[in-house]
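What follows is a short report on a single structure.
FYI, it's all coordinate maths here, none of it is from the lab. If you're wondering where the values come from, they're calculated on a predicted model, not measured in any experiment. Cβ coordinates were reconstructed from backbone atoms using ideal geometry, including for glycine residues, and neighbour counts include every protein chain displayed.
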């Protein structure tokens with residue numbers, strides 16, 4: 001289960017780095033590394049953490065909760081409210097993916 005969580009997180013991290021590179025070519029290596037590390041750990045955490053929720057619901061709920069600081073930092077904190085909806089959608093999509101991995105690992 002731990003290995004699947006790490007793999008899910010690394011895949012999500014790589015996908016996010018690609019999305020950042022496409023959406024904002026000026027984003028630096030620090031932002032990309034930060035994002036990759038966050039998703040790598042988040043994927044592992046979502047897959048291995050205990051819960052009585054259904055796997056897909058667990059994946060989405062935990063992923064959205066873990067991303068709350070990002071919503072604030074990149075949305076109102078940076079004066080860019082328009083960044084919040086895509087961040088939420090990405091969190092839900094990645095959370096569903098983590099939930100699928102969690103379900104397969106169980």
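Measuring nothing but how far apart in sequence close Cα pairs (under 8 Å, 6+ apart) lie, relative to its length, the chain scores a relative contact order of 35 percent.
Taking R0 as 35 Å, what FRET efficiency do you get between residue 6 and residue 84 from their Cβ-Cβ distance, rounded to the nearest 0.05? All intermediate terms of the calculation are to be shown ahead of the outcome.
On the way: r = 28 Å, r/R0 = 0.81.
After rounding to 0.05, the efficiency reads 0.80.
Each of 26, 35 was scored by other Cβ atoms within 10 Å of its Cβ. Listed from fewest to most, they are 26, 35. Translational diffusion of the chain, estimated by Stokes-Einstein from the Kirkwood radius over alpha carbon pairs at 10 °C in a medium of 1.306 mPa s, is 115 µm² per second. Sorting 16, 24 by the number of Cβ atoms found within 10 Å of their own Cβ, with the fewest placed first, yields 24, 16. Of 3, 103, the sequence from fewest to most neighbouring Cβ atoms within 10 angstrom is 3, 103. Between helix 84-105 and the chain there is an angle of about 20 degrees, using the helix long axis and the longest principal axis of the Cα atoms. Does anyone have the angle between helix 55-74 and the longest principal axis of the chain? Alpha-carbon axes, 0 to 90°, nearest 10? Its long axis makes an angle of about 20 degrees. Relative to the longest principal axis of the Cα atoms of the chain, the long axis of helix 2-23 lies at roughly 20 degrees.
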